[in-house]
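Q: Submitted below is the structure of interest, expressed as structure tokens.
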Amino acid sequence: MPSAVASKTNRGTLFVEAARIINVEALPGEQFAIRLDAPKTAAMASPGTFVHIQCDNMIMMRRPLSIMRANPNHGWIEVLYKILGKGLKALTEKKPGEIISSIGPIGKGFTPNPQRPKSLLIGGGVGIPPMIFLAEYLKDDNRDWDPVMIMGSEIPFPFKLTESEIPTPWLAENIVNTMPLMEKWLIPTRLASLNNFAGTYRGFVTGLANQYIESLSSEEKEMVEIFACGPTPMLKAVAELAEKFNLACQISLEEFMACAVGGCAGCTILTNNEQGTAMKRVCVDGPVFNAKEIFAD
């Protein structure tokens, strides 16, 4: 029974919290960042996990939102979203101090391999938040990681663009803009878009990623692992890029969800492995999967 399996899998790590809104920040492109006081979730969250939020007491269907940042010491989490539908619009209208119901952290997150320290993080659109969380994890971890971040968006990026002082010799000199937070964390980050945003690469994130990978030596390529989150076509293209260079690749899927804790099986997908095919739930078996499980040859 899926519900029984889910309850055992998440026992002691999944919390229903009355989360207090600390801050709501309006960002370009009708995007919003909300910081929530949710100490139990913050203590257990890891990059790639998400929360299931009730946006308003009058709207019963919850919304799954990726965790963008989590601070276990101060007990807060942050989520980033774009207004889609009346639920997220209602969430946008909430004020600091108001309480919303949150279930989390949910799902299986990213698991970076220390033997592949050259982490290539690729986030597209609403797939940017978990990449920020992963970047912060790598920054704070005491192992010797060497991450590079690539972000793509066809609407304004959810942050003010700033010119990077971190060199990226594998790119043209005019591709210089970055996310201020990544610059502060000293993580080389470049942006891609088809919309001619200043200082960005004109094209898809995979074109930018391909340039980076091709600039590496054979020995360096063996130390690369790709992590990606974004729309399915982007993830498929990333998986093909990983296959081209024979690189390890973890992807985080986006899927419509009802319960989000494994009971309804409404977010099942077909996966492939050496033992054959299997149906898995994105919410608790994922949302992070090995790219080869999802995009088999």
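Q: At 222 nm, what helix-only mean residue ellipticity would the chain give, in deg cm²/dmol to the nearest 500, using -39500 (n - 2.57) for each DSSP H run of four or more?
A: Helix-only estimate at 222 nm: -6500 deg cm²/dmol.
Q: A follow-up question, please. How high is the relative contact order of the chain, in percent, with contacts defined as C-alpha pairs under 8 Å that are six or more residues apart?
A: It rounds to 18 percent for the chain.
Q: What nm value, rounded to one decimal, do you get for the distance between Asn290 and Lys86 when each label is placed 7 Å out toward the C-beta?
A: If labels sit at Asn290 and Lys86, their model points lie 4.5 nm apart.
Q: Sticking with this structure for a sec: For the cross-link pairs Lys82/Lys160; Lys89/Lys160; Lys184/Lys244; Lys94/Lys160; Lys95/Lys280, which exceed 26 Å when the distance is taken from alpha carbon to alpha carbon?
A: Correct reply: Lys184/Lys244; Lys95/Lys280.
Q: What distance in nm separates the simple spin-label points at Met279 and Gln115, each placed 7 Å from Cα in the Cβ direction?
A: 3.5 nm
Q: Here is a follow-up. Would you mind giving the average projected area, over all directions, of the Cα convex hull of region 2-106 in nm² with one decimal?
A: Taking the Cα atoms of region 2-106, their convex hull projects to 6.7 nm² on average.
Q: For Lys221, which aspartates and glutamates qualify as cross-link partners when the Cα separation must be under 17 Å and same-chain residues fewer than eight apart are set aside?
A: Hits, sequence-local ones excluded: Asp144, Asp146, Glu240, Glu243.
Q: Here's something else I'd like to know. Hand me the GluC sites (Glu not before Pro) from region 91-170 located in a DSSP loop with no more than 14 other Cβ atoms within 10 Å, in residue order please.
A: Listed in order of number, the matching sites are Glu93, Glu98, Glu154, Glu165.
Q: Okay, next question. May I ask for the distance between the Cα centers of region 89-126 and region 229-255, given as a whole number of Å?
A: A separation of 18 Å, based on Cα centres.
Bear in mind these aren't lab numbers, they're just calculated from the coordinates by the rules spelled out. In this text, all values refer to a predicted model and were calculated from it rather than measured experimentally. FYI the Cβ positions are ideal-geometry reconstructions off the backbone, even for glycines, and counts take in every protein chain you see.
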